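Visitor: Attaching a single structure in structure tokens format; questions to follow.
The values are calculated or read from the model by the stated rules, or taken from the named source; none is laboratory data. A quick note: this is a predicted structure, and the numbers were derived from the prediction, not measured. Neighbour counts run over all protein chains shown; Cβ positions are idealised from the backbone, glycine included. Just the protein is used for accessible areas: all its heavy atoms, side chains included, with ligands, DNA and RNA removed. Shrake-Rupley method; radii C 1.70, N 1.55, O 1.52, S 1.80 Å.
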Amino acid sequence: MNKIRNRDMNYDEFISNGEQVLRWAANYFEGLESLPVMSQIKPGDVKDKIPNSPPLDGESFDEIISDLDKIITPGITHWAHPNFMAYFNSSGSAPGILAELIAATYNVNGMVWMSSPAVAELEEKVLAWFRDSLRISKEFWGVVYDTASVSSMHAIAAARENIPGLEIREKGMTGRKDLPKLKLYCSTQAHSSIDKACLTLGIGMDGISHIPVNDRFEMIPEELEKQIKIDIKNGELPFCVVSTIGTTATTSVDPVKQISAISKKYDIWHHVDAAHAGVTAILDEYKNLFDGSESADSIVINPHKWFFVPIDFSALYIKNRSILKRAFSLVPEYLKTEGGDEITNLMDYGVPLGRRLRAIKLWFVFRYFGLEGLKLIISNHIASAKWFEEKVKTHPKTKLFAPVTFSTVCFRYFPNNTYEETLNQFNKNLVDRINKSGKLFLTGTKINDLYFIRVVVSGIRTEKRHVESAWELLLSEAQKLENEFEC
Ligand SMILES: Cc1ncc(COP(=O)(O)O)c(C=O)c1O
């Protein structure tokens with residue numbers, strides 16, 4: 001029965017409702033494999049099931065919970081599903097999920113040190129663990145944002161602030177005749193978040209040079225230097241280079257060492273985007289992944305992508321934190337605090353004022369699995385992807401589209417009697433067909449107008465058997481599609 005409530009749950013209610021939520025979550029995981037991976041609903045289906053106004057009286061918790069399975073679950077594409085092999089997966093682990101509950105329980109705002117000292121101190125310590133586990137130089141200091149897009153935006157803002165003499169913080173960028181055109185460089189394969197950061201920061205699309213890549217989709221350093229020289233000659237001001245370790249489409253790795261050397265030579269900020277693949281540096285096989293980035297200025301890695309920390313959680317590492325502070329610190333009277341260098345007021349390091357206790361998620365994940373456990377999970381993903389790669393290489397109708405560097409396999413299926421013009425359509429139809437089956441979720445993309453399929457093995461529940469089934473499903477759906485194409 002509905003009733004007006006003017007106080008929060010009491011102890012017993014909290015426990016029993018909490019147990020119900022935990023049981024719901026555990027059942028969700030238990031039943032996950034029987035759910036279609038990609039949501040099968042039509043646009044508007046969720047909205048239609050939700051009343052147009054909130055209830056006047058409070059509803060029973062049973063009713064609220066039962067609507068999850070009726071309304072929300074059908075509208076979920078299950079990122080936690082072991083057969084989710086699309087995009088770059090973000091799969092939260094149980095310790096991370098429970099840490100979310102604890103963060104919400106404390107529900108503190110760590111904007112300044114004294115508003116909850118544990119927020120800044122835990123963040124600093126856990127990000128140092130993460131940095132050291134990835135063999136990144138201890139010169140870098142870490143700060144947490146929600147996403148890699150926001151981390152990179154802050155890094156590029158620091159790069160802009162780092163340009164001597166322009167006083168952009170004070171004078172802005174509009175209406176100034178004394179401001180040269182600022183130029184940022186990244187490869188044609190860099191993530192769109194870099195372009196978005198440039199849109200946000202007044203650099204504009206015209207201020208970005210997308211440097212060509214080689215046939216392994218890695219930035220060509222000679223092309224980078226050539227473009228920088230041309231721009232300088234034209235009176236433009238190169239201020240930032242972004243290299244990527246693990247590009248979004250194919251997971252290619254830019255030659256970070258050479259790019260670092262060029263950035264040093266021209267005194268340009270170097271930001272490294274390792275949002276997805278950076279975590280592999282915990283493995284001995286990838287121990288040199290960050291080579292060259294010791295002379296970079298900033299690096300982004302997302303524990304929420306492939307480190308089993310529930311979204312959202314992105315770590316930005318920056319060598320000279322005072323530049324970030326110079327770019328963003330603005331302290332209103334009511335937030336002025338005592339304290340010197342021994343405290344960190346996180347609001348000084350970015351746009352957001354409020355900050356929750358995000359670091360607890362990474363702390364729990366590290367402590368629950370241990371570094372060795374995390375290494376095992378990630379190396380199993382890579383081994384399964386290698387198995388899939390081998391299948392693609394040896395099957396007469398499939399061909400790799402890009403080298404497999406981590407656990408993402410990019411390939412195309414070549415049916416009989418199909419011309420290049422229809423190959424894109426065939427592969428796209430194949431992905432759509434697989435996704436509609438609900439058994440597997442994949443995505444594809446295009447480079448140079450060629451459409452290819454990506455299989456990404458990085459979900460915490462994804463085992464070798466799921467990757468084997470994915471291959472079987474792909475072949476059988478491709479065969480059915482081929483038969484239809486031939487009719
Ligand atoms: C290389 C790379 N950088 C940045 C991003 C953006 O990540 P986020 O969603 O955390 O902003 C992605 C997303 O997949 C990515 O692949």
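Visitor: Which cross-chain or sequence-distant (5 or more) residues have an amide H under 5 Å from the amide H of Leu182, H modelled 1.01 Å from N in plane?
Guide: Counting only residues 5 or more places away or on other chains, the set is Leu237.
Visitor: Normalised by the empirical 2.2 N^0.38 Å for globular proteins, what value does the Cα Rg of region 89-204 take?
Guide: 1.36
Visitor: Also: Per the helix-only calculation at 222 nm, which mean residue ellipticity applies to the chain, given -39500 (n - 2.57) for every DSSP H run of n ≥ 4 and division by its residues, nearest 500 deg cm²/dmol?
Guide: Values: 15 runs with 202 residues, N = 487.
Helices in the chain give a 222 nm mean residue ellipticity of -13500 deg cm²/dmol.
Visitor: Once phi is turned into ³J(HN,Hα) by the Karplus curve 6.51 cos²θ - 1.76 cosθ + 1.60 with θ = phi - 60°, what whole-Hz value does each residue of region 282-298 show in order, with x for glycine and proline?
Guide: Couplings: 6, 8, 4, 4, 10, 5, 9, 3, 8, 4, x, 7, 5, 9, 6, 9, 8 Hz.
Visitor: Projected area of region 365-486, taken from the Cα convex hull and averaged over every viewing direction, in nm²?
Guide: Details: hull surface 32.5 nm².
Reported value for the Cα convex hull: 8.1 nm².
Visitor: Restricting everything to alpha-carbon atoms, can you work out Rg to Rh for the chain with a Kirkwood hydrodynamic radius? Walk me through the intermediate numbers first.
Guide: On the way: Rg = 24.5 Å, Rh = 24.7 Å.
Here the Rg-to-Rh quotient is 0.99.
Visitor: Using heavy-atom solvent-accessible surface (probe 1.4 Å) with all chains present, what is the largest-first order of Asp215, Asp291, Asp178, Asp254?
Guide: Details: Asp215 130, Asp291 65, Asp178 95, Asp254 5 Å².
Largest accessible area first, the residues go Asp215, Asp178, Asp291, Asp254.
Visitor: Out of residues 5 or more away from Gly444 or on other chains, whose amide H comes under 5 Å of its own, with H placed 1.01 Å from N in the peptide plane?
Guide: It is Arg454, by chain and number.
Visitor: Near Lys336, which aspartates and glutamates are there with a Cα under 17 Å away, not counting those fewer than 8 places off in the same chain?
Guide: Asp348
Visitor: Between Lys257 and Gln40, what FRET efficiency comes out of the Förster formula 1/(1 + (r/R0)^6) with R0 = 45 Å and r the beta carbon distance, rounded to 0.05? Please list the in-between numbers first.
Guide: Working: r = 47 Å, r/R0 = 1.04.
Efficiency for this residue pair is about 0.45.
Visitor: Using the heavy atoms of the protein chains and a 1.4 angstrom probe, tell me the accessible area per residue for the chain in square angstrom. Each step should come with its number before you reach the end.
Guide: Numbers: 23380 Å² over 487 residues.
Averaged over the residues of the chain, the accessible area is 48 Å².
Visitor: Another question about this same structure. For the chain, calculate the relative contact order in percent as a whole number, restricting contacts to Cα pairs under 8 Å that are 6 or more residues apart. Kindly include the intermediate steps, with their values, before the conclusion.
Guide: Details: 847 pairs, mean separation 103.3, N = 487.
Relative contact order for the chain comes out at 21 percent.
Visitor: More than 15 angstrom separation, counting every C-alpha pair in region 321-405; what % is that? Working shown, then result.
Guide: Working: 2681 of 3570 pairs.
For region 321-405, the share of Cα pairs beyond 15 Å comes to 75 percent.
Visitor: Another question about this same structure. With 34 Å as the cut-off, how large is the P(r) tail for region 108-355, expressed as percent of Cα-Cα pairs?
Guide: Of all Cα-Cα pairs in region 108-355, 15 percent lie more than 34 Å apart.
Visitor: Can you list the lysines whose alpha carbon sits under 19 Å from that of Lys42, skipping same-chain ones fewer than 8 residues off?
Guide: Within the straight-line limit of under 19 Å, Lys42 reaches these lysines: Lys70, Lys436, Lys439.
Visitor: Let me ask something additional. Of Lys397/Lys446; Lys125/Lys305; Lys428/Lys464; Lys257/Lys393; Lys305/Lys386, which ones are farther than 27 Å apart at the Cα?
Guide: Working: Lys397/Lys446 19 Å; Lys125/Lys305 20 Å; Lys428/Lys464 25 Å; Lys257/Lys393 30 Å; Lys305/Lys386 20 Å.
Check vs 27 Å cut-off fails for Lys257/Lys393.
Visitor: Then there's this: When the accessible area of the chain is split by element with a 1.4 Å probe, what percent falls to carbon and sulfur? It would help to have the intermediate numbers written out before the result.
Guide: Numbers: 12640 of 23380 Å².
Here carbon and sulfur together make up 54 percent of the probe-accessible area.
Visitor: Here is a further query. Taking H placed 1.01 Å from N in the peptide plane, check which residues at least 5 places from Val241 or on another chain put their amide H under 5 Å from its amide H.
Guide: Result for Val241 returns Tyr185, Trp269, His270, His271.
Visitor: Could you run the Karplus curve 6.51 cos²θ - 1.76 cosθ + 1.60 with θ = phi - 60° over region 374-384 and give me ³J(HN,Hα) per residue in whole Hz, x for Gly and Pro?
Guide: Those phi angles translate into 5, 4, 4, 4, 5, 5, 5, 4, 5, 5, 5 Hz.
Visitor: What lysines does Lys264 reach when the alpha-carbon gap must be under 23 Å and sequence neighbours fewer than 8 apart in one chain are set aside?
Guide: Lys138, Lys181, Lys183, Lys226, Lys229, Lys233, Lys319, Lys325
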